[in-house]
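To start, the structure itself, in structure tokens.
The values are calculated or read from the model by the stated rules, or taken from the named source; none is laboratory data. Everything numeric in this text was worked out from a predicted model, so none of it was measured. Quick reminder, even Gly has a Cβ in these numbers, built from the backbone with ideal geometry, and neighbours come from all protein chains shown.
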Amino acid sequence: MRYALPLLVIGSPAFAATGPFFSLGNTDFIVTLGFLVFIGVVLYFRVPSRLTRMLDDRSTGIRSDLDEARALREEAQALLANYERKTREAKAQADQIVANAKAEAQSAAEQAKLDLKTSVDRRLAGAEEQIESARNAAIREVRDRAIQVATAVAGEVVAKQMSPEDADRMIDQSIETVSTKLH
């Protein structure tokens, strides 16, 4: 390493040029002089410290951007977790609503069965009452008809066996009985 700088200077094209090195006619000297002036101007205007400051500012900006990106990422993860939790809660609520709806539907079906059974029982009872009423009406009608027939037959028999004087006497007795009971 310590021999590298002298070897570079010895092997440089400045020594390959002909003529004195420190003359303004030597292009190698002019290039070296311009380079040294350039380095001097750069150091005078503190370009390395400005570059360092700019790089530090840039690294600070990048660090703040990374911190902001990290914060945004954490916020996004929190939002994602929140939305996933809300999605799970909504799914649980939907499952609960479906379960409640099924239970209500089952209950409504059972109630409908009970109502239908009650309605059928009530209609059967009503039909039995109507049948009983119709039976009683038929029995009454048959009895009334039998009474009418028996009365008519008895009237004919009595009329054949009774004389007209007996019939007049019975009519008079009936009239007297009715008038005494009415007055």
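Do we find that R46 is at positive phi and surrounded by 10 or more Cβ atoms within 10 Å (Cβ to Cβ) in this structure?
Numbers: at positive phi: yes; surrounded by 10 or more Cβ atoms within 10 Å (Cβ to Cβ): yes.
Yes; evaluated as a whole, the condition is true for this residue.
Looking for something at pLDDT below 90 and not in a helix (DSSP H, G or I) - is there at least one such residue anywhere in the range 139-162? Lay out the reasoning, then the answer.
Of the residues in the range 139-162, the ones at pLDDT below 90 are 139-162.
Now restrict to residues that are not in a helix (DSSP H, G or I): 162.
Yes; the residues of the range 139-162 include at least one that is at pLDDT below 90 and not in a helix (DSSP H, G or I).
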